[in-house]
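> Attaching a single structure in structure tokens format; questions to follow.
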Amino acid sequence: MTQLLKLTTADKKIKECLLAAKSFSVVAGAGSGKTTSLVTALNFLRDEVGSDLRKNGQKIVCITYTKRATAVIEERLGFDELYLVSTIHSFLWGSINRFTKDIRVSLRDYLIPAHIAKAREKDNGGNSQSAQRARGRVTELTAELEILDQVTVFKYDESQFSSFSKGQIGHDDVIELAAYLISERPILQRGLGFQFPYIFVDEAQDTFDSVIAAFNTICSGESLPMVAYFGDPMQQIYDNGTGVFDGPAGFRAIEKEENFRSATSIVELTNKLRNDIQQTSAGDSALNAGSVLLTLIETEAPAGLRGRYTPEQLDQSLSKFDEALRYIGWQDNEEAKRLFLVRQMIARRLGFSSLQNLFTGEYASNKAQDEYIDGNHFLVKPFIKSLCPLIVALQDDNKKKIVDILREQTPAFDILGRNKDRPLKEMLDSAHSLISKLTEMWTEHPIGDILRYAKENRLCIISDRLAATLDREPRTEAYDKTIHTEEKSDWLADKFLSMSTNELLPYYNFVSDHTPLSTQHGSKGEEYEDVLVVFDDIEAGWNMYSFNKLLTPSVAGDGTEGQLARSRKLAYVCFSRARMNLRIFLYCQNAKAARAELINSELLVSEQIQILPSI
């Protein structure tokens with residue numbers, strides 16, 4: 001966005017704060033160029049004080065929420081070692097990991113007792129599974145507390161859960177542990193304040209309250225150290241985030257009201273979803289009206305269990321989605337990004353529902369789910385990295401791609417090692433034979449056979465864990481979660497290995513971003529020319545959100561305060577992804593009444609709201 005090179009009013013206020021070493025927070029709406037303002041501020045500091053900081057061995061820290069954001073900011077800063085750009089988890093652990101004694105004391109006096117108290121709240125004294133699990137958790141934590149003094153080394157483990165007796169601090173606990181330590185240890189505050197006199201926090205709305213409080217404590221005095229928060233409360237999509245991110249006493253609040261991304265009609269809609277800043281289209285976006293159209297899709301009342309669709313109703317819902325696409329003329333618009341609330345809605349449309357159900361079911365831990373989402377789970381990784389790309393290249397008859405995959409991802413054809421002196425013709429003949437057999441097996445054999453063939457012929461990298469899984473006999477006993485919790489991955493693997501391959505390519509295409517479909521949460525931070533947002537509360541089956549109750553409460557009923565707040569924020573995130581054209585599908589049970597309420601609410605004008613005709 002070249003128009004952002006000119007400093008905005010917000011950028012000038014940021015510059016004033018940096019010159020005065022005054023803490024500040026920037027509320028930056030969608031498309032406002034928040035990251036550009038952040039990078040501009042960091043570059044300004046390099047020019048003003050970079051030389052002195054380098055002489056003192058100090059750094060400017062910029063904390064982000066994801067590894068992806070970290071990579072983007074590092075690149076835009078030229079990978080300059082003056083800056084420490086880090087995820088919040090890595091930065092906090094790096095700040096406390098040397099303080100073994102303090103970690104042990106904090107675990108003993110604060111964190112483990114807090115977990116015990118929380119577990120006891122879930123124990124009503126009965127014999128329900130929830131109560132029994134709570135009592136078991138109290139027993140487990142109490143035992144860990146008793147042997148904590150025997151732990152000599154603590155380490156951060158990116159898995160969700162901690163194992164305190166083994167010295168493993170999990171993904172969730174490292175945040176609270178570090179925030180508590182920083183807030184309680186003045187010597188740690190002073191050390192961090194000297195090492196990092198400038199603390200920048202990106203996506204501050206998703207940062208924990210305790211972390212904001214810890215940083216504010218470090219920067220509570222006048223002058224350095226100072227903290228700068230950049231974010232948008234309306235783009236908070238994680239419940240554990242703070243939402244509001246006020247700085248320490250005396251901080252300056254700055255609003256960034258330009259929207260350089262979206263056309264005027266889209267900005268007019270998103271402004272109606274928030275009651276703080278009101279954005280105006282700026283730069284090239286201000287020259288385009290764009291378009292917004294909401295289509296109401298009437299469905300039957302759900303007749304399935306727990307207020308869900310029956311299989312027949314689900315088929316009808318999917319069919320009406322295709323009808324609606326044709327009705328708005330977007331059936332061939334493959335560039336339009338389609339946003340759905342939950343991944344299962346995407347899996348149904350792309351054809352990997354069974355795989356999705358397996359990796360989100362009773363055999364899958366939270367870590368397994370996360371790794372499956374990223375395509376990094378040990379069971380699916382060989383397919384994402386090697387086998388699926390190879391099959392796609394074969395289907396496309398892309399000989400160059402096939403050779404590239406074999407050379408880069410396939411141990412059997414690595415040009416080094418045992419193949420160093422191997423004749424090229426021999427390698428090509430061998431590759432043709434192996435690939436022909438793989439293609440033949442792909443549609444006829446289960447996943448386990450494919451992986452064993454790949455392992456035997458070194459067609460992909462097989463981890464030690466996967467090799468052991470392929471070599472062992474399947475579990476024959478029925479899974480019992482009270483007995484087999486630690487071993488449930490065996491049942492997950494056995495089920496996966498027995499499946500056919502027909503869902504692997506659709507899953508690969510989704511994970512590799514080769515489709516226009518995405519989750520609404522996953523779209524945060526992205527932008528697209530055309531966006532289609534699909535709201536179907538029944539199919540999504542997630543009671544944390546209700547877009548019918550948000551948009552048409554008189555027709556759909558009142559939602560809870562939390563439900564409405566989450567839905568409003570996610571709707572804002574989705575709508576604001578669009579640059580030019582926004583389309584919204586809202587499934588409802590009384591389209592005529594819903595349209596009248598939407599018009600009366602003045603969220604949109606009547607010409608922007610239509611009902612999908614019945615066939």
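The values are calculated or read from the model by the stated rules, or taken from the named source; none is laboratory data. Computed from a predicted structure; not experimentally measured. A quick note on method: Cβ atoms are made from the backbone with ideal geometry, for glycine too, and the neighbour counts reach across all protein chains shown. Just the protein is used for accessible areas: all its heavy atoms, side chains included, with ligands, DNA and RNA removed. Shrake-Rupley method; radii C 1.70, N 1.55, O 1.52, S 1.80 Å.
> Would you kindly identify the helices (runs of 4 or more DSSP H) lying entirely within segment 535-585 that contain at least 3 residues that are in contact with a Lys or Arg (Cβ under 8 Å, 6 or more places away or on another chain) and within 28 Å of Ala289 (Cα to Cα)?
561-575
> State yes or no: is Ala143 surrounded by fewer than 17 Cβ atoms within 10 Å (Cβ to Cβ) and touching a Gly at 6+ places or on another chain (Cβ under 8 Å)?
No: the conditions fail for Ala143.
> Quick check on this structure: which one of Ala143, Ala131, Ala179 is in contact with a helix residue (DSSP H, G or I) (Cβ under 8 Å, 6 or more places away or on another chain), over 23 Å from Ala214 (Cβ atoms), among the hydrophobic types (A, V, I, L, M, F, W, C) and part of a helix (DSSP H, G or I)?
Ala143
> Could you check segment 321-418 for helices (runs of 4 or more DSSP H) lying wholly inside it with 1 or more residues that are among the aromatic types (Phe, Trp, Tyr) and open to solvent by less than 10 Å² (accessible area, probe 1.4 Å)?
Ranges flagged: 353-359, 366-374.
> Being modelled with pLDDT under 95 and aromatic (Phe, Trp, Tyr) narrows it down to one residue among Phe208, Phe215, Phe194, Phe200; which is it?
Answer to the check: Phe208.
> Within segment 212-240, take every residue that is in a loop (DSSP other than H, G, I, E, B) and open to solvent by less than 10 Å² (accessible area, probe 1.4 Å) and give me the one that is nearest to Phe194 (Cα to Cα).
Filtering first and then ranking leaves Cys219.
> Say we look at segment 111-128 and pick out the residues that are among the small types (Gly, Ala, Ser) and in a loop (DSSP other than H, G, I, E, B); which of these is nearest to Glu184 (Cα to Cα)?
Only one residue fits best here, namely Gly125.
> Can you tell me which of (1) under 36 Å from the mean Cα position of the chain (by Cα); (2) modelled with pLDDT under 90 is the one Ser463 doesn't meet?
That leaves (2) as the condition not met.
> Quick check on Ile599: is it over 20 Å from Gln236 (Cα atoms) and open to solvent by less than 40 Å² (accessible area, probe 1.4 Å)?
Here the answer is no, as Ile599 does not meet what is asked.
> Would you point out the residue of segment 60-75, among those that are surrounded by fewer than 18 Cβ atoms within 10 Å (Cβ to Cβ) and modelled with pLDDT of 95 or more, that is farthest from Asp206 (Cα to Cα)?
The selected residue is Glu75.
> From Gln236, Gln278, which residue is at pLDDT below 90 and of a type in the set (S, T, N, Q)?
From the options Gln236, Gln278, the qualifying one is Gln236.
> Of the numbered conditions (1) within 20 Å of Ala571 (Cβ to Cβ); (2) surrounded by 20 or more Cβ atoms within 10 Å (Cβ to Cβ); (3) among the acidic types (Asp, Glu), Asp276 satisfies every one except a single condition; which is it?
That leaves (2) as the condition not met.
> If you check Ser567, Ser512, Ser546, which single one turns out to be over 20 Å from Asp315 (Cα atoms), in contact (Cβ under 8 Å) with a residue 12 or more places away in the chain and out of contact with any Leu (no Cβ under 8 Å at 6 or more places or on another chain)?
Matching residue, one of Ser567, Ser512, Ser546: Ser512.
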